[in-house]
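*Asks:* Quick one: the structure is below, questions incoming.
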Amino acid sequence: MTDVPGSDRARRRAVPAAKPRVRMSAAQRREQLISIARQIFAERGFDATSIEEVASRAKVSKPVVYEHFGGKEGLYAVVVDREVRSLLDRITTALTAGHPRELLEQAALTLLTYIEEETSGFRVLVRESPLMSATGNFSSVMNDVAHQVEHILGAEFSSRGYDPKLAELYSQALVGMVALTGRWWLEVRKPRKETVAAHLVNLAWNGLSHLASKPGPITG
């Protein structure tokens with residue numbers, strides 16, 4: 001019997017068989033869950049994120065998530081640890097210039113580039129969480145950067161006759177200024193990052209260039 005063109009039987013014959021679904025390896029599934037959780041944590045924060053939603057977006061059951069990470073806390077810790085290492089690696093790699101002013105600009109521009117390219121990751125880092133510790137959050141990254149800047153400023157202070165013990169204070173102030181400006185720029189995205197970095201360095205460097213050796217309070 002010849003199939004009539006356009007008939008149900010002819011259409012069934014024309015439809016190719018569905019390809020079997022390829023099963024993810026354990027490593028691939030783990031990476032998928034981390035990527036999905038990163039996005040949800042960025043959108044909602046730790047408290048408002050649930051294992052149910054992570055599993056739903058990944059199209060797996062909740063036990064699969066628990067099997068890989070033990071629970072929401074374990075999953076969150078993995079996401080944060082990756083972002084901390086990623087940001088710190090970027091900044092450490094970027095600090096290659098010889099002149100202190102160029103180093104400040106490289107650090108500022110690297111942070112802004114990370115915010116631009118890894119917005120979800122940055123949002124995860126700067127959100128408050130009960131699990132945040134001194135060794136696994138945005139503050140810890142900024143502290144590490146501040147320690148690097150401290151060494152740079154310490155040498156500069158010594159060569160200019162300033163107390164090198166104050167380098168720690170100034171490094172925290174400089175890195176804090178860049179970090180807070182980065183959080184503001186995350187929302188407004190203007191002016192462009194190169195301009196923001198240039199203005200940050202303008203304020204920081206010109207301020208450092210005209211430091212009083214022993215500043216005192218204006219009033220008192």
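The values are calculated or read from the model by the stated rules, or taken from the named source; none is laboratory data. Since the model is a prediction, treat every value here as computed from it, not as a measurement. Positions of Cβ are backbone-derived with ideal geometry, glycine not excepted, and every protein chain shown enters the neighbour counts. When the accessible area is computed, the model is the full protein with side chains, heavy atoms only, and any ligands, DNA or RNA have been set aside. Shrake-Rupley method; radii C 1.70, N 1.55, O 1.52, S 1.80 Å.
*Asks:* Would you be able to say whether some residue in region 173-183 is at pLDDT 90 or above, under 17 Å from L95 (Cβ atoms) and not hydrophobic (A, V, I, L, M, F, W, C)?
*Replies:* There is at least one residue in region 173-183 that is at pLDDT 90 or above, under 17 Å from L95 (Cβ atoms) and not hydrophobic (A, V, I, L, M, F, W, C).
*Asks:* Provide a single number: the residues in region 112-132 that are open to solvent by less than 50 Å² (accessible area, probe 1.4 Å), at pLDDT below 90 and of a type outside the set (A, V, I, L, M).
*Replies:* 1
*Asks:* Looking at this structure, is R57 closer than 19 Å to S139 by Cβ and surrounded by fewer than 18 Cβ atoms within 10 Å (Cβ to Cβ)? Write out each step before concluding.
*Replies:* Working: closer than 19 Å to S139 by Cβ: no; surrounded by fewer than 18 Cβ atoms within 10 Å (Cβ to Cβ): yes.
Spelling it out, it is not the case that R57 is closer than 19 Å to S139 by Cβ and surrounded by fewer than 18 Cβ atoms within 10 Å (Cβ to Cβ).
*Asks:* Would you mind finding the one in V145, V175, V141, V149 that is of a type in the set (V, I, T), in a helix (DSSP H, G or I) and farther than 24 Å from V79 by Cβ?
*Replies:* From the options V145, V175, V141, V149, the qualifying one is V149.
*Asks:* Now a separate question. Quick one: in region 178-200, which of the residues that are basic (K, R) and assigned to a helix (DSSP H, G or I) is farthest from L103 (Cα to Cα)? Write out each step before concluding.
*Replies:* If we filter region 178-200 for residues that are basic (K, R), which is where we start, we get 183, 189-190, 192-193.
Filter once more, so that each one left must be assigned to a helix (DSSP H, G or I): 183, 193.
Details: R183: 21, K193: 16 Å.
This residue is R183.
*Asks:* Sticking with this structure for a sec: Checking the condition surrounded by fewer than 20 Cβ atoms within 10 Å (Cβ to Cβ) and touching an Asp or Glu at 6+ places or on another chain (Cβ under 8 Å), which residue from G70, G45, G74 passes?
*Replies:* After applying the criteria, what remains is G45.
*Asks:* Can you tell me which residues in region 86-125 are in contact with a Lys or Arg (Cβ under 8 Å, 6 or more places away or on another chain) and without any contact (Cβ under 8 Å) to a residue 60 or more places away in the chain?
*Replies:* T110, Y114 - these are the residues of region 86-125 that are in contact with a Lys or Arg (Cβ under 8 Å, 6 or more places away or on another chain) and without any contact (Cβ under 8 Å) to a residue 60 or more places away in the chain.
*Asks:* I need a count of the residues in region 197-220 that are within 16 Å of L153 (Cα to Cα), open to solvent by 100 Å² or more (accessible area, probe 1.4 Å) and either modelled with pLDDT under 90 or in contact with a Cys (Cβ under 8 Å, 6 or more places away or on another chain) (or both).
*Replies:* 1
*Asks:* Here is a check on your reading of the model: is L33 open to solvent by less than 60 Å² (accessible area, probe 1.4 Å), at pLDDT below 95, out of contact with any Gly (no Cβ under 9 Å at 6 or more places or on another chain) and in a helix (DSSP H, G or I)?
*Replies:* So L33 does not fit the description; no.
*Asks:* Would you point out the residue of region 174-196, among those that are surrounded by 13 or more Cβ atoms within 10 Å (Cβ to Cβ) and of a type in the set (A, V, I, L, M, F, W, C), that is nearest to L208 (Cα to Cα)?
*Replies:* L174
*Asks:* So, one more: Just to be sure, is R38 over 30 Å from A204 (Cβ atoms) and in a helix (DSSP H, G or I)?
*Replies:* In short, yes.
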